[in-house]
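Report on the structure given below.
The values are calculated or read from the model by the stated rules, or taken from the named source; none is laboratory data. Everything quoted here is computed from the prediction, not taken from an experiment. Every residue, glycine among them, receives a Cβ derived from its backbone with ideal geometry; neighbour counts consider all protein chains shown. Keep in mind that these areas ignore ligands, DNA and RNA; they rest on the heavy atoms of the full protein, side chains included. Shrake-Rupley method; radii C 1.70, N 1.55, O 1.52, S 1.80 Å.
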Amino acid sequence: MRYVWAAAGVAALGTVWCVGYLAAGVGTEAFAYTFVPVGGVLAVASVQQMLRGSDLDPVARRFWRAMLVAMAMVTVGYGWLAVDMLTHAAEAHTRTMPLPAAACVAIGFGIAIWAVARVPVVATGGVEWWRMLLDRTIAFLGCAAVLWYAGLAPMLSAREPWSRQAMVLVGLAFLVAVGAATKVSYVAGGPVDRVAIRLIAASGGVTAGFVAVLAVRFGYAAAVPAQAIVMPLTPVLATLGVAAQWRANLRPRPAATRVGVLLPYLAVAAVDVPLITVAFGAPLHWPVRVVLIAAVLVTALVTVRQYIAFRENTRLLHNTRVQEERLQYEVSHDGLTGLANRALFRGRLTTALARTGHASVLLVDLDDFKTVNDLLGHGVGDRLLVAVAQLLRAEVGDDGLPVRVGGDEFAVLLTGSADAEELAGRLLAALNQPISEHRLLVQASIGIAAAGPGATVDSVLRDADVAMYTAKQGGKASFVRYVDGMGEPVLAHMQLGGELRRALDQDELRVVYQPILRLADLRVVGVEALVRWHHPVRGVVGPAEFIPAAERTGLIVPLGRFVLRETCRQAAAWLSEFGPDALHEAALNVSGRQLHDPDFVSDVTAALAGSGLPCERLVLEVTESAVLRGQQVSRTLYELDRMGIRLALDDFGTGESSLSLLRAFPAAIVKLDKSFVDGIEIDDGQPAAADARQAVARAVIQLAHALGLDTVAEGVESAEQAAVLRELGYTLGQGYHLARPMTADGVSRLLARQQALAAADH
């Protein structure tokens, strides 16, 4: 700031001297020419100090280096003029500026114009670049026309015209001012401070304007006040610009914003000022004609500018409409399949009920879709959903609105005369054929509900959901139309899930054990844990009733955890009481949902560690459908096998992949399903028929022996069945004939009696 005060001091000293000279003749006229170069030296010094001591952005540094050269050239030119005037003091009143001095100043102004032109503006492209170019051109022509009319033209036609050198320099100063003023309106938060550029513009334009006014008004007599009072303001404004740039470097740079919006309109208003003077009687001489030409150019450019703006606005409006339509589509349609979504579905159903009170809804739920995701991946599952959506579009056609409700659940809204049951039949028939690029077979359960008098959206959807659930309970791959009262058993099933949660919290569940016996001597070698629910009102509830509810609600995970811990605890207690030879294994069933639980392995580890039961004494029984649940299940099973836990394949022979599973699944035990034991003992005198009934049991035992697996025959209901199984090679069995499920105390008594008999034999 000290250079600002020094430059201001020089300007003040020039003013004091000028007053003294004009009032009392102090000094010589040539002395007036010394104040501008002295101030210029101070301005140059201020720029040098900033370049040395401030951390400028490279763009700002480039600008101020150019301004340093420009100020130096101007200072040299006016210094030359001062020396010339002092050496020719007697001729100072009539002497003109030497051409070399004028050339130095002109070069300085040219460099300043070039430096301002290189300052970066708002980054634009395309139409916006043309808009900005037109705006700047309009602003430049408008401002230049006013400065020409009010400043430079009057100097050319003045009573005492100044020298050509002075006229050129004033014109260049005007160009610096107009160029900087136009430029600064489009500099948005850049490295060169906008205030600094404004002060640079003022240093040229303000002083040039005052000089022009003085020249026109007072002729040659204005030279002394122009040189001593007005022109020394140029270094003051330049040093103020340097100070503004210095302060800008010390604070965060503002964010880039769109600027210069009003400048073209101000320029249009400015160019109209000379025209207004002509309208009120001013003479139409040649400077005014120049202004008229500029006004015509500005008007033409404004017309082009408005045309571009019109086209741009039209494009923006079109894009906005397209955007709104796309957003509206995305809000009301499913992103994966392109079908209508739940929101649009509810809206259309609401409208149909309000207008006619009649509508039918088909709720379509894909059966066992989760298996596709688990086995083949979610990408294949998504493409299957897209294929189902395409099938729905094709089958529904114009008769209704196909919808993706969410996940693997779809719906169809029928508001016309289409037959809902006929459409459901067509959908099921179409799904009997392989679809999607992977040629997959998928089945669906469909619930149909028709809106009755007084129906609401929620009641129709609830009825369709109940019908769809009933279809699933009835065996899947079918459709069911809702009838009154159908929801009561479904509601009871849902309520059962809620009661099961309470049962877990209030310890209403009990574990019972069905012994596994050696068929040769009926000695107990193991137990299978089963769970029973002691309901406070309904009494003992069997697993066939509440296990499906536990699976559906996810309560099978905490329920299975309870059975696991209780089984391990009880088995460890039996081993401690009766010795390691009393009970070889304790088995329990594990569902596919438990195997999907990432904490299942840690639950098993904790149960074994907490009870002290050895790993090899625990058997986990899984069904074929659970094994086929994907990579997560496979990893879990192999991790359990590595721990030493024995795995049993339950209900063997009832699935389609049993043989391949024995190679891919780390099974240690195969349990022959009860369906292959039933009737195995029948002797109707026809050997061929007996062989057929025993074929699966014989094949399983042979396969198990070949693979080194243990076998257990399930559902042994008679001594005859046990005898046939022994003949086929089975050594272990379980069933009501051998032993019914019993409490832990019952097993303890059985083991105690068995131990006593063994002691008596010895």
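Structural remarks
- Region 69-76 - phi-based ³J(HN,Hα) in whole Hz, Karplus 6.51/-1.76/1.60, Gly and Pro as x: 5, 4, 5, 5, 5, 4, 5, 4
- Estimated D of region 360-480 in µm² per second, where Rh is the Kirkwood radius over Cα pairs and Stokes-Einstein applies at 4 °C, 1.567 mPa s: 90 µm²/s
- For LYS671, LYS472, the ranking by accessible surface with the largest value first comes to LYS472, LYS671, using a 1.4 Å probe.
- Of the peptides 531-539, 386-394, 413-421, the order by per-residue mean of other Cβ atoms within 10 Å, starting with the highest, comes out as 386-394, 413-421, 531-539.
- When region 373-470 is described by a simple charge dipole with +1 on each Lys and Arg Cβ and -1 on each Asp and Glu Cβ, the residue from PRO402, GLY377, ALA389 located farthest towards its positive end is GLY377.
- Once the chain from ASN373 to ARG355 is taken as fully extended at 0.36 nm per residue, the excess over their C-alpha distance is 2.4 nm.
- A Förster radius of 25 Å, combined with the Cβ-Cβ distance separating ASP691 from ALA520, puts the computed FRET efficiency at roughly 0.55.
- Mean separation of Cα contacts under 8 Å, 6 or more apart, over the residue count of region 1-68: relative contact order %: 34 percent
- FRET efficiency estimate (nearest 0.05) - Cβ-Cβ, ALA699 to ALA429, R0 35 angstrom: 0.45
- Each Lys and Arg contributes +1 and each Asp and Glu -1, all at the Cβ; summed about the Cα centre of region 493-642, the dipole is approximately 240 debye.
- By a 1.4 Å probe calculation restricted to protein chains, GLU624 has an accessible surface near 10 Å², given to the nearest 10.
- Each residue, GLN632 and TYR329, gets one label point 7 Å from its Cα in the Cβ direction; the gap between the two is 3.5 nm.
- Surface accessible to a 1.4 Å probe, SER459 within the full protein complex, Å²: 20 Å²
- In nm, spacing of pseudo-spin labels at PHE562 and ALA719 (7 Å Cα→C-beta vector): 4.0 nm
- Heavy-atom SASA rank of ARG501, ARG565 (probe 1.4 Å, accessible area, largest first): ARG565, ARG501
- When both bridge partners sit in region 361-489, DSSP labels roughly 85% of those beta bridges antiparallel.
- For THR356, solvent-accessible area (1.4 Å; no DNA, RNA or ligand), Å²: 90 Å²
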